[in-house]
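K.L.:
Encoded as structure tokens, here's the structure I'll be asking about.
Quick note: the coordinates plus some simple rules give every number you see, no bench work behind them. What you see is a predicted model; the values in this text were computed from it and never measured. Heads up, the Cβs are rebuilt from the backbone with ideal geometry, glycines too, and the neighbour counts pull from every protein chain shown.
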């Protein structure tokens, strides 16, 4: 009617304008991490920097981030039988899983470093994991076990001669068939059983010798065997001579399926992209690796490698969630200013940045020790032995609290699956459980101190390199020396925590800028800290810490 105001739909005020929301993070460069790149060079793998940077751009691409999301939303499915009723025991994965695996294997994140004589090859692999882990953590399980299987397999040179070239290759071949007919292999391991868990000496799976030398048949049930789609497994079983290590292929040399009956896939809190299973052995053919009765001794080197990867994966989750939180608060406003410019948020983010840098620096130091140890450095081997267990205990313990705080930086947005933060939060606790819970690792540190004379000497030798640089660090070393006398099992966690913080502080004092080292020593060692993230003292140089950890960055062109 004449004189009335038009209220056509296109002229009404809109109710769904999107404002004050950050743009997508991807594409970004996951290798844009000063602490990582400095550690890479310092630990002898600077030659790999361009490859790490290239991989960082791939990891932060919108495509790779989408692969990670899809691989977790479309979980693996167990297929026990084919359409005709034949037992096949296969696991089907979303194509995104295979994309992630193909990049990881091609980039040398599985067994490749064992075939590379370059000094720093194992450091380069760890740095690659710190970068590629910005995608998905689940597929890091089979690559980690493949990497770790090589030193154990070398206990049986004839088997290593056959399988090592394929395990160290860079071709991803996911189809189950005769291992020697494939272009590349993946390895898993089967250690724990339902009645014992970490107490593997109580395993009941039996290994019966056959008429053929070195060949056995297994019978029993494993409780938590991840990545059942791998080609070969290192398995612990009770032989006549005691607990022993065996190589179990999924497909036998004649092309027949080795009995590997997957009873179910575990319904896990996190790590959803990766399949974890309960396989049953019944007449399963296996080859002895190492002497009978020496199973734990044979497989322990595998555990040392996978424990390093637990530290690396926790450090990666910290870095990834820090980057996500930093991106959000840089673009989100509240109370008249960017979140990043709010004093308390700056304190939280700077505190997280300290924790992330300490974890990354320790990870690369452990990788350097591993690299030099495998090349014959006995002192580095002793340091690696104790420091890896210390790092495994502490860094993986810090992961869940860290990811929770980073998630909180996003507020309600961080609690929504679309943000990816809930996936990272669910993933974090796994790394303190896998390869021995906190108690197991703390007791392992005590065992190293009591039984291996060079372990304590190597640790204190490392700490001595920072002597006199910071009074709080010197005082912590003195406290640590005092706690070693009469160390008890009930106090093992307290001891290992102090070891970890002192070691991280010593590394930062030597290698990080003063603002970072001072804030870490003041809080983690000097007691000038609260009981949560975001309680750095007023004297801390938040600007310097944040600029180092999260420099102003633009998106990478697609």
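K.L.:
Could you order the peptides 297-306, 365-374, 165-174 from most to least packed, using the average number of other C-beta atoms within 10 Å per residue? Intermediate values should be presented prior to the final figure.
P.N.:
Values: 297-306: 20.5, 365-374: 24.5, 165-174: 18.1.
The peptides rank, most packed first, as 365-374, 297-306, 165-174.
K.L.:
Using 1/(1 + (r/R0)^6) with R0 = 22 angstrom and r between the beta carbons of residue 34 and residue 532, what's the FRET efficiency to the nearest 0.05?
P.N.:
Efficiency computed from Cβ-Cβ geometry: 0.30.
K.L.:
Could you compute the FRET efficiency for residue 415 and residue 194, with r as their C-beta to C-beta distance and R0 at 25 Å, rounded to 0.05? Don't skip to the end; give the middle numbers.
P.N.:
Working: r = 34 Å, r/R0 = 1.37.
Taking R0 as 25 Å, the efficiency between residue 415 and residue 194 is 0.15.
K.L.:
If you don't mind, another one. For segment 297-549, report the % of Cα-Cα distances exceeding 32 Å. Walk me through the intermediate numbers first.
P.N.:
Details: 6785 of 31878 pairs.
Above the 32 Å cut-off, segment 297-549 has 21 percent of its Cα pairs.
K.L.:
Only Cα pairs under 8 Å and at least 6 apart count here; give the relative contact order of the chain as a rounded whole percent. Can you show the working numbers first?
P.N.:
Working: 1001 pairs, mean separation 76.9, N = 558.
Here the relative contact order equals 14 percent.
K.L.:
Additional query: Take each of the peptides 131-139, 451-459, 320-328, 58-66, average the number of other beta-carbon atoms within 10 Å over its residues, and list them starting from the highest. Could the numbers behind the result be given before it?
P.N.:
Values: 131-139: 27.9, 451-459: 16.4, 320-328: 24.2, 58-66: 19.6.
Taking the mean over residues of other Cβ atoms within 10 Å, the ranking is 131-139, 320-328, 58-66, 451-459.
K.L.:
Gain in length, residue 334 to residue 117, computed as 0.36 nm per residue apart minus the alpha-carbon separation, to one decimal in nm?
P.N.:
Values: separation 217, 0.36 × 217 = 78.12 nm, distance 5.34 nm.
So the extension gain works out to 72.8 nm.
K.L.:
Here's a follow-up. Antiparallel versus total DSSP beta bridges in the chain: what percent is that, nearest 5? It would help to have the intermediate numbers written out before the result.
P.N.:
Values: 34 of 39 bridges.
The antiparallel proportion sits near 85 percent.
K.L.:
How many nm is it between the label spots at residue 375 and residue 87, if each spot is 7 Å from the Cα in line with the beta carbon?
P.N.:
4.8 nm
K.L.:
Any chance you could list the semi-axes, whole Å, largest first, of the equivalent ellipsoid that the Cα gyration tensor gives for segment 46-85, using √(5λ)? Intermediate values should be presented prior to the final figure.
P.N.:
On the way: eigenvalues 260, 40, 9 Å².
Computed over segment 46-85, the values are 36, 14, 7 Å.
K.L.:
Give me the one-decimal Kirkwood hydrodynamic radius in Å for segment 67-127, with the sum taken over alpha-carbon pairs.
P.N.:
Numbers: mean 1/r = 0.0712 Å⁻¹.
Across segment 67-127, the inverse of the average 1/r is 14.0 Å.
K.L.:
Now, a different point. Of the listed values (1) 1.06; (2) 1.01; (3) 0.97, identify the label whose number matches Rg/Rh (Cα atoms, Kirkwood Rh) calculated from this model.
P.N.:
Only one option fits the structure, namely (2).
K.L.:
Right, here's the next one. At a threshold of 8 angstrom on Cα-Cα distance, excluding pairs fewer than six apart, so keeping six or more, what relative contact order does segment 297-549 reach in percent?
P.N.:
Values: 306 pairs, mean separation 63.4, N = 253.
It comes to 25 percent, rounded to a whole number.
K.L.:
Just order 93-103, 119-129, 488-498 by mean Cβ neighbour count inside 10 Å, highest at the front, would you? Please report the intermediate quantities before stating the final value.
P.N.:
Working: 93-103: 20.0, 119-129: 26.2, 488-498: 15.6.
Packing order, densest peptide first, comes out as 119-129, 93-103, 488-498.
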